[in-house]
1. What's the number of the only condition in (1) free of Cβ contacts under 8 Å to residues at least 12 places away in the same chain; (2) in contact with an Asp or Glu (Cβ under 9 Å, 6 or more places away or on another chain) that R307 fails to meet?
2. So, A188, is that one free of Cβ contacts under 8 Å to residues at least 24 places away in the same chain and either assigned to a helix (DSSP H, G or I) or more than 14 Å from the chain's Cα centre (by Cα) (or both) or not?
3. For the range 232-245, check the following and say yes or no: at least one residue is modelled with pLDDT under 95, over 22 Å from N303 (Cα atoms) and either surrounded by fewer than 21 Cβ atoms within 10 Å (Cβ to Cβ) or not basic (K, R) (or both).
4. With in contact (Cβ under 8 Å) with a residue 60 or more places away in the chain, farther than 30 Å from K248 by Cα, in contact with a helix residue (DSSP H, G or I) (Cβ under 8 Å, 6 or more places away or on another chain) and not aliphatic (A, V, I, L, M) as the only criterion, which of S148, S50 stands out?
5. Can you pull out every residue in the range 142-185 that is surrounded by 24 or more Cβ atoms within 10 Å (Cβ to Cβ), assigned to a helix (DSSP H, G or I) and aromatic (F, W, Y)?
6. Could you please find all residues in the range 156-172 being touching a helix residue (DSSP H, G or I) at 6+ places or on another chain (Cβ under 6 Å) and not basic (K, R)?
7. Which residues, counting only those in the range 60-84, are surrounded by fewer than 19 Cβ atoms within 10 Å (Cβ to Cβ) and either closer than 15 Å to L220 by Cα or within 11 Å of the chain's Cα centre (by Cα) (or both)?
Amino acid sequence: MDTKDLFQQLQKLSTEQRNPQSMDIDARSITDILSIINTEDKKIALAVESQLSYIAQAVELTVKAFLNGGRLIYVGAGTSGRVGVVDASECPPTFGVPFEMVQGIIAGGEGAMFRAVEGAEDKPEGGADDMDKKVVGPNDVVCGIAASMRTPYVIGAVTRAKERGARTLYVTTNPRTNLDLPEYKHLADALDVAICAEVGPEVVMGSTRMKSGTAQKLILNMITTTAMIRLGKVYENMMIDLQMTNKKLVERAKRVVMTVTGVDYSTAEHALFDAKGHVKTALVMIKANVDFDEATKRLQRSNGFVRAAIEGKEYSIL
């Protein structure tokens, strides 16, 4: 694409338009500036709400991938890439899953998390190469994240992932109708699910680290959190597969056991010791009044769902 074509393409993007509500923001007081930003931010949740049916499809594909031993791999550039890396990095300590299960890739490599790598997002072959390096396959889900929808690196990654047999998602904050345009046909053909949360023009024109970045974070939170709930990583509304890797998480584990079962601090501490540090097992041991071996068997039969294990039932995730 030559520079004139790129200029014309950018002109069509909603995220590159001027926001009429902030035209004189440079002349406003600090309080007024904050009010404008806050008012615009209130629109984000509604934009995400409009995409719930598509997010649900994304979750279904992700759960199936996990059950088949596959991975969820986020791919993005700039803010979009950083949002993906952050969500991926938070899954292991929160839900007790392997670090490989949810991964984030950013154009320009790990260093781009802290300092922009100029030009990295302009290379579709870079995204394709990263999919080859990850040996992406049919059991994986690859989620492209691009506020503009047009980021070459991300498109290159998603199209290569599709060629390699993976299921593909796309998170953008530009209109779904853009996928009908000729210049996006190759992208549209490569997607299983597109999530298009139209947040409108940014308060500062083109600064997609603002509303767009927030919308993307909300969506990725929804995908991974819902998928983990469907995998039995949550009981009631508490994290029960957390890794006790620091003092805070050790104490949180005790609090979860105390809250669910009603036992005191000392009893919770002893139960976690007897359960070899496994919160789920401790919960089943106490709630069902069974020993470690029986609790382990029940969790196996219930596919890790604590509620079913306490009741002594089998549970099918799908």
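1. For R307, the exception is condition (1).
2. On the way: free of Cβ contacts under 8 Å to residues at least 24 places away in the same chain: yes; either assigned to a helix (DSSP H, G or I) or more than 14 Å from the chain's Cα centre (by Cα) (or both): yes.
Spelling it out, A188 is indeed free of Cβ contacts under 8 Å to residues at least 24 places away in the same chain and either assigned to a helix (DSSP H, G or I) or more than 14 Å from the chain's Cα centre (by Cα) (or both).
3. yes
4. Working: S50 fails: in contact with a helix residue (DSSP H, G or I) (Cβ under 8 Å, 6 or more places away or on another chain).
The unique qualifying residue is S148.
5. Residue satisfying the conditions is Y153 alone.
6. Of the range 156-172, the ones touching a helix residue (DSSP H, G or I) at 6+ places or on another chain (Cβ under 6 Å) are 156-157, 160-161, 167-169, 171.
Correct list: G156, A157, A161, T168, L169, V171.
7. Narrowing the range 60-84 to residues surrounded by fewer than 19 Cβ atoms within 10 Å (Cβ to Cβ): 60, 64, 67-69.
Passing the criteria: only E60.
A quick yes/no check of all residues on (1) closer than 19 Å to S80 by Cβ; (2) over 20 Å from the mean Cα position of the chain (by Cα):
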| position | (1), (2) |
| --- | --- |
| F95 | no, no |
| A120 | yes, yes |
| K123 | yes, yes |
| K134 | yes, no |
| G165 | no, yes |
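The values are calculated or read from the model by the stated rules, or taken from the named source; none is laboratory data. All values reported here derive from a predicted model rather than from experimental measurement. All Cβ positions, even for glycine, are placed from backbone atoms using ideal geometry, and neighbour counts span all protein chains on display.
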